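> There's a structure below that I have some questions on.
The values are calculated or read from the model by the stated rules, or taken from the named source; none is laboratory data. Since the structure is predicted, the reported quantities are computational estimates derived from the model, not experimental observations. Ideal geometry is used to build each Cβ from the backbone, glycine not excepted, and the neighbour counts take in all protein chains shown. These accessible areas exclude ligands, DNA and RNA; they are computed on the full protein's heavy atoms, side chains included. Shrake-Rupley method; radii C 1.70, N 1.55, O 1.52, S 1.80 Å.
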Amino acid sequence: MGSCYLSSSLSILKIPTTIRCLISAGPTREWIDPVRFISNPSSGKMGFAIAQAARNLGMSVTLVSGPVALSPLHGVDTIHVETAIDMKNEMLKQFEHADLTIMTAAVSDHRPRFQSEHKLSKDNFPLSLPLEKNPDILKLLGTQKKPGQRLVGFAAETENVMETARKKLIEKKLDWIVANDVSRIDQGFSSDLNEVLLLGPNDFQKRFNLAEKTIIAEEILNEICSLWLEKAH
Ligand code: PMT
């Protein structure tokens, strides 16, 4: 037990090191057959950067990560998952004990309805693939949130970034959402850089200008902790 001190624009903020932070990162893989899957270009960099920043603030951090090629983070309890269903099960389990949950993961919204146990040959491969919806993990967590828990989502958008992110903030019952314009090639998916907009209730918004994801992660966490803990004091 102890505390970590964070300098905010208003005051020096005392962050209890008993805060348990749960973070999701990376893509999910939805298998078609043993050699093919549906996925997306998420590298896990944004989620790992937030996990590292939370650990540096003294929080106890659990990271649920899809398949990524990043080195493990020292001092972060990391659980590896592959599919959206795996991620849902793990997040629901860990969420019970979390004070602050941040979902940066790019969860596949759909999975193939059928998975072939054996590799499909070129001639057997269907030219159209029946899909079914994956669960919306963040929305599920929003319905299970208890008083005192804080829930943060990311929104990867290519148009109407702020409006769409605000819609998700409300629909998924989040405390804050980080709007990420992924139409830009200099940031977002896979890049080391990001520029984001943190949105919250009562039209709250704060922009974090283009910077390394490690810096953006610190800025997001510092702001969230200031808004959360200053209000609690
Ligand atoms: O991993 P990097 O290469 O560093 O890239 C970082 C990033 C671009 C992936 C990250 O910054 C980002 O924007 N993550 C959100 C990706 C996403 O899936 O956005 P979305 O708008 O589709 O989903 C909104 C939120 O719901 C997200 O928090 C997502 O984790 C969650 N979600 C989405 C679908 C689903 N079935 N279940 C979910 O929980």
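> At 222 nm, what value in deg cm²/dmol follows for the chain if DSSP H runs of at least 4 each add -39500 (n - 2.57) and the sum is divided by all its residues, to the nearest 500? Walk me through the numbers before you get to the answer.
Values: 5 runs with 63 residues, N = 233.
Taking each H run of at least 4 residues, the total per residue is -8500 deg cm²/dmol.
> Which shape class applies to the range 160-233: rounded if a/c is under 1.5, otherwise prolate when a/b exceeds b/c and oblate if not, where a ≥ b ≥ c are the square roots of the Cα gyration tensor eigenvalues? Kindly include the intermediate steps, with their values, before the conclusion.
Details: a/c = 2.57, a/b = 1.29, b/c = 1.99.
It is oblate, given that a/c is not under 1.5 and a/b is not larger than b/c.
> While we're looking at this one, here's another question. Give the angle, between 0 and 90 degrees and rounded to the nearest 10, that separates the Cα long axis of helix 84-95 from the longest principal axis of the Cα atoms of the chain.
30
> Which whole-Hz couplings ³J(HN,Hα) result when phi for each residue of the range 170-181 is put into the Karplus expression 6.51 cos²θ - 1.76 cosθ + 1.60, θ = phi - 60°, listed in order with x for Gly and Pro?
6, 4, 9, 6, 9, 7, 8, 9, 9, 7, 10, 7
> Between Thr78, Thr18, Thr104, where does the largest GNM mean-square fluctuation fall for the chain, given springs only between Cα atoms within less than 10 Å?
Thr18
> Collect residues whose amide H, placed 1.01 Å from N in the peptide plane, falls under 5 Å from the amide H of Ile32; neighbours closer than 5 in sequence don't count.
It is Phe37, Ile38, by chain and number.
> Sorted from largest down, what three extents in whole angstroms do the Cα atoms of the chain have along their principal axes?
Extents along the principal axes: 66, 38, 32 Å.
> Still on this model: Could you size up the charge dipole of the chain around its Cα centre, putting +1 on the beta carbon of Lys and Arg and -1 on that of Asp and Glu, and report it in debye to the nearest 20? Don't jump to the answer; show the numbers that get you there.
On the way: 27 positive and 28 negative charges, 96 e Å.
Its charge dipole is roughly 460 debye.
> Computing the accessible area with a 1.4 Å probe over protein heavy atoms, can you report the carbon and sulfur percentage for the range 88-233? Walk me through the numbers before you get to the answer.
Working: 3990 of 8210 Å².
The nonpolar share, carbon plus sulfur, comes to 49 percent.
> Still on this model: Ignoring ligands, DNA and RNA, what accessible area per residue does the chain give at 1.4 Å, in Å²? Intermediate values should be presented prior to the final figure.
Numbers: 12110 Å² over 233 residues.
Per residue, the chain has 52 Å² of solvent-accessible surface.
> Given the protein chains as shown and a 1.4 Å probe, how many square angstrom of His118 are accessible, to the nearest 10?
Estimated to the nearest 10 Å², His118 gives 130 Å².
> Using a cut-off of 9 Å between beta-carbons, work out the net charge of the residues near Glu195 (Lys and Arg +1, Asp and Glu -1, Glu195 not included). It would help to have the intermediate numbers written out before the result.
Values: positive: Arg184, Arg207; negative: Asp181, Asp186.
For residues surrounding Glu195, the net value is 0.
> Still on this model: Apply the Karplus parameterisation 6.51 cos²θ - 1.76 cosθ + 1.60, with θ equal to phi minus 60°, to every residue of the range 187-193 and state each ³J(HN,Hα) to the nearest whole Hz, in sequence, with x for glycine and proline.
Once rounded to whole Hz, the list reads 7, x, 3, 6, 5, 7, 10.
> Roughly what % of DSSP beta bridges within the chain run antiparallel, to the nearest 5? Mind showing how you got there, number by number?
On the way: 22 of 47 bridges.
The antiparallel proportion sits near 45 percent.
> How charged is the neighbourhood of Ser39? Take every other residue with its Cβ under 11 Å from the Cβ of Ser39, and add Lys/Arg as +1 and Asp/Glu as -1.
Values: positive: Arg29, Arg36, Arg111; negative: Glu30, Glu82.
Charge balance near Ser39 sits at +1.
> Most fluctuating residue of Pro135, Pro201, Pro147 in a GNM of the chain with Cα springs under 10 Å: which is it?
So, out of Pro135, Pro201, Pro147, the one fluctuating most is Pro147.
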